[in-house]
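Q: The structure under discussion is supplied below as structure tokens; questions concerning it will follow.
The numbers here are math on the coordinates, done by the rules we state, and not lab data. Because the structure is predicted, anything quoted here is derived from the model rather than measured. Virtual Cβ from ideal backbone geometry, glycine too; neighbours counted across all protein chains shown.
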Amino acid sequence: MTPQDYVQQKAAASGSSFYYAFLFLPKPRRAAITAFYAFCREVDDVVDEVTDSGVAATKLAWWQGEVTKAFAGEPSHPVMKALMPCVADYGIEARHLLAVIEGCQMDLGQTRYLDYPGLQRYCHLVAGVVGEVAARIFGQTDPQTTLYAHKLGLAFQLTNILRDVGEDALRGRIYLPVNELQQFDVKAHELLKRSYSDRFTALMKFQAQRAHQCYDEALALLPPADHRAQKPGLMMASIYRTLLREIEHDNFQVLHQRVSLTPLRKLWLAWKVQALGRL
């Protein structure tokens, strides 16, 4: 299996919304974003799939070393072998990849966030930086597009957090800020027991409203000159925001299930943005 085959398989197997947006890209850009996305999946899977935190920390440290070696001209992992031919063309730097790893390391050492600013720092590393690299690969021409990418990444991550509240709680992680849980009088054990209440619904409505605000702010930040090039990001925005609306429509029943969109619906939403330019 070639490195390119490996990253293609890794990206497709995830079933992620990102994959549907990649389908419409020209081949060189598609190769770059697929390799970068596969890298993100590799390091994220370390945290999600390795139960021993010591082993996971060792693996993430290995990835830090692999990034450093790859940028010195000696990649060994197929993901890095697929990614390195693309880095010069699209301005991908070692700091971007190391930031993503740092975000995953936060997942090992931190299971609660005291407030929203603390959560934003985590979201910037695991999603904002990813958005920044993606925007470069898609063909960014205006520096302001980086601000759009950071804000859109935050909106995506806030949507993920809402979708995964129940799943994350079972893993011992609660991303909803502690001071906001207190504000709405929702206890951590209620999330673990999958206990719904009017208080929980009010908390989730507050979180959803914040996510919607991030989508609106992101779209307002996108310079018109980059609108066409950034269509893949807008496709993802359409898919993720539709998911957020589904969660709202289900009255935030996320403690016992994972709300998702079908592959066909994701493809339809992506096509609408591609063909009609509509979110």
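Q: Hey, how many Å between the Cα centroid of the stretch 224-279 and the Cα centroid of the stretch 51-116?
A: Here the two parts' Cα centres lie 27 Å apart.
Q: Do you know the relative contact order of the stretch 1-109, to the nearest whole percent, from alpha carbon pairs under 8 angstrom that are 6+ apart? Mind dumping the intermediate values first?
A: Values: 93 pairs, mean separation 35.4, N = 109.
Once normalised by length, the contact order is 32 percent.
Q: Further question on the same structure: For residue 205, go through the aspartates and glutamates and keep the ones whose alpha-carbon is under 20 Å away, minus same-chain ones fewer than eight residues off.
A: 115, 164, 167, 168, 180, 185, 190, 216, 217, 246, 248, 250
Q: In the P(r) worked out for the chain, what percent of Cα pairs fall beyond 36 Å?
A: The answer is 13 percent, as a whole percent.
Q: Hey, another quick one. When you take every Cα atom in the stretch 142-279, what is the radius of gyration, and what is Dmax, the widest Cα pair distance, in Å?
A: Final numbers for Rg and Dmax: 16.2, 49 Å.
Q: So, one more: Arranged by the count of other C-beta atoms within 10 angstrom, fewest first, what order do 247, 33 take?
A: Lowest to highest Cβ neighbour count: 247, 33.
Q: Also, quick follow-up: Cα atoms only: what Rg and Dmax, in Å, come out for the stretch 1-109?
A: Considering the stretch 1-109 through its Cα atoms, Rg and Dmax are 13.6, 41 Å.
Q: Then there is this: What ranking do 141, 68 get, fewest neighbouring Cβ atoms within 10 angstrom at the top?
A: 141, 68
Q: What does the charge count around residue 173 come to, taking other residues whose C-beta lies under 11 Å from its C-beta (Lys +1, Arg +1, Asp -1, Glu -1)? Don't skip to the end; give the middle numbers.
A: Values: positive: 112, 171; negative: 48, 107, 164, 167, 168.
Net of charged neighbours comes to -3.
Q: Arranged by the count of other C-beta atoms within 10 angstrom, fewest first, what order do 87, 50, 126, 55 take?
A: By the 10 Å Cβ count, ascending: 55, 50, 87, 126.
Q: Going through the DSSP H helices of the chain, which span 15 Å or more along their own axis at the Cα atoms while scoring at least 0.5 as a mean Kyte-Doolittle hydropathy?
A: Sorted by number, the helices that extend far enough and score high enough are 78-90, 94-109.
Q: Step through the table entries 193/266; 231/266; 10/231, compare each Cα-Cα distance with 26 Å, and write down the pairs that go over it.
A: 193/266
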